[in-house]
Amino acid sequence: MFDYTAYNLGIHSEFTLSELMSGATKTDVVIRRGKVERTASEIANPKNLLLRANSQETCFYVPKVAACLVRGTDEIIVDEDEGVEPGLLSNFIVGLPLAMLLHLRGIIVLHASAVAVNGAVVAFLGKSGEGKSTIAATLHKRNHPLVTDDILAIDINDTTGATVLPSYPQLRLWPQSVTSIGEVAENLPRIFPNLEKRSKLVTDEFQPTPLPLKRIYVLGEGTDLEIASINTQSAFLEITRQSYPDLELLKAIGTPDAKFHRCIKLANLIPTYQIKRPRDIYLLSELAQLIEADVAKIPC
């Protein structure tokens, strides 16, 4: 068995999870090997790796990799396919199965990247391919610790506000984004065999402990570099759009109201801005400077 930490949880796993940091001193979640029924239900969605879901359990499946069953708030059962590479299996386990478990534990889960700037977290929302990971990688290269890539976990407390629970030291980048930070895509492993996206382990400048969330940036396109505030209603819509799980899955597991209220609280609590910029990798440094200048305005 292996002991890891991610999202402020102690994870006890029968599997090697190379993305996660080792050395947990507590056990909040157990990931174990077991037989998982692979019968699909009406809610099955191969695009989202979903096989079935109900109020007791949610099952995800990647062909030629594994089936993962999330049961309750503290257990993930993994039924791996014969001959699967450990790295592919690990990438799968720490993705949607762990995101679902976080949701069930009352955490807001957003499809977003985030870095730490001046002791607080700034997060980047946007649809797939909008450049969230690329911006995080660019800011990380400018010595801002990575907080998360792909899955942003936010704990909202009436006393402490919105706190980000750091994930693990990994970036998931498309080849062009790898090139933009001065590396060679072919030197990095693929996340999945049929996907060009690459996995880059972050060996330094990772934020290991929770920090307050101070800014949310929604990524968009424009002719010039620009940062502008958006109102609470628009912020709520963007947060909801990029949150996990989607409505159909929420209905299946019985938690649509809980997620709705969490998103409302977050939109009212954290200032949200829109970033407009041309999609040009040669402007990434200038964009990073613009973000740094904007974050510098946040009161201590």
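The values are calculated or read from the model by the stated rules, or taken from the named source; none is laboratory data. Owing to the predicted nature of the structure, the values given are computational and were not obtained by experimental measurement. Because the Cβ atoms are built from the backbone with ideal geometry, glycine has one as well, and the counts that use them run over all protein chains shown.
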task: Among the residues of the range 100-132, write down those that are within 14 Å of the chain's Cα centre (by Cα), in a helix (DSSP H, G or I) and more than 28 Å from R277 (Cβ to Cβ).
output: M100, L101, L102, H103
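Quick grid of which residues meet (1) touching a strand residue (DSSP E or B) at 6+ places or on another chain (Cβ under 7 Å); (2) at pLDDT 95 or above:
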residue: I11; (1), (2): yes, yes
residue: E14; (1), (2): yes, yes
residue: S22; (1), (2): yes, no
residue: D28; (1), (2): yes, yes
residue: K47; (1), (2): no, no
- request: Would you mind stating whether A228 is more than 30 Å from E85 (Cα to Cα), aliphatic (A, V, I, L, M) and surrounded by fewer than 16 Cβ atoms within 10 Å (Cβ to Cβ)?
  value: yes
task: May I ask you to verify whether S128 is in the same structural domain as N187 (by TED's automatic domain parsing), closer than 17 Å to K200 by Cβ and not aromatic (F, W, Y)?
output: no
- prompt: Which residues, counting only those in the range 40-69, are closer than 29 Å to S128 by Cβ and surrounded by fewer than 16 Cβ atoms within 10 Å (Cβ to Cβ)?
  reply: A40, S41, E42, A44, N45, P46, K47, N48, N54, S55, P63, K64
- prompt: When residues of the range 151-175 are filtered for being part of a loop (DSSP other than H, G, I, E, B) and under 20 Å from the mean Cα position of the chain (by Cα), how many remain?
  reply: 5
- request: Just give me the residues in the range 70-94 being assigned to a loop (DSSP other than H, G, I, E, B) and crowded, with 20+ Cβ neighbours inside 10 Å, in sequence order.
  value: V94
message: Residues that are touching a Phe, Trp or Tyr at 6+ places or on another chain (Cβ under 9 Å) and under 27 Å from D280 (Cα atoms): list the strands (runs of 3 or more DSSP E) wholly contained in the range 176-236 that include at least 3 such residues.
response: 211-221, 226-229
query: In the range 252-268, which residues are over 15 Å from L104 (Cβ atoms) and either over 20 Å from the mean Cα position of the chain (by Cα) or not aliphatic (A, V, I, L, M) (or both)?
result: F260, H261, C263, K265, N268
message: With the structure loaded, tell me whether L290 is closer than 18 Å to A137 by Cα, out of contact with any Gly (no Cβ under 8 Å at 6 or more places or on another chain) and surrounded by fewer than 19 Cβ atoms within 10 Å (Cβ to Cβ) or whether it fails that test.
response: yes
